[in-house]
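Below you'll find the structure, written out as structure tokens, and then a few comments.
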Amino acid sequence: ITELNDDDDKLAWFYDMQESDLDSFEASPLFQQISNLQERYFDMEELGVGGMKKVFKAYDEKSERFVAIARPSRKVDHEYVERFLCEARLTASLNHPNIIKVHDLGLDEKSAPYFVMEIKEGLTLGDLVKSESVTIDELLTALLKGCDAISYAHSKEVIHLDLKSDNIQ
């Protein structure tokens, strides 16, 4: 374990726990609530469909927040599952403020792949370009954020294979 800094003092108690502390920890209401959850994601609502995947908005019962869940948009074979999960892992490996965060990935009860991301709502760069109410400064700011994200991905030897204004949120 690395040394904790001042910002991590709130978590220091967790690292200092003794084995005898586990009984009281497991009896805590939050621990019980999370451990008793049989299903995690609720209220799925389709947000959009692309060439490879459908994206849904869902409520994550464990973390008590809305997330986006990507699932294949068509029947999948072994090669497709590999590509789909590879995209999720690759995206999860990128740490940049303008690149979506991947929280989880896995297989559902039918062995279909999925990955869970932070949810971003709002206009795409494509929407902004078409909008009559957007200023040139707002448009350029959005474009520069997209360029910064792509530059970062390229520095990590990652290339976006479907880069277009509608894929930049």
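The values are calculated or read from the model by the stated rules, or taken from the named source; none is laboratory data. In this text the structure is predicted, and so the values were computed from the model without any measurement. Counting neighbours? That spans all protein chains shown, and the Cβs are built from the backbone with ideal geometry, glycine included. Side chains are part of the model used for accessible areas, which takes the heavy atoms of the whole protein and leaves out ligands, DNA and RNA. Shrake-Rupley method; radii C 1.70, N 1.55, O 1.52, S 1.80 Å.
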Review point. Of all residues in region 18-64, how many are at pLDDT below 85 and outside any loop (DSSP other than H, G, I, E, B)?
Key: 19
Exercise for review: Mind listing whichever residues of region 95-146 are closer than 29 Å to K62 by Cα and hydrophobic (A, V, I, L, M, F, W, C)?
Suggested key: I99, I100, V102, L105, L107, A112, F115, V116, M117, I119, L123
Practice item. Please indicate, with yes or no, whether at least one residue in region 110-128 is in a loop (DSSP other than H, G, I, E, B) and in contact with a Pro (Cβ under 7 Å, 6 or more places away or on another chain). Key: yes
Exercise for review: Taking only region 69-107 into account, find how many residues are open to solvent by 70 Å² or more (accessible area, probe 1.4 Å) and touching a residue at least 60 places away in the same chain (Cβ under 8 Å).
Suggested key: 2
Practice item. Can you confirm whether region 147-157 contains a residue that is of a type in the set (G, A, S) and surrounded by 14 or more Cβ atoms within 10 Å (Cβ to Cβ)? Key: yes
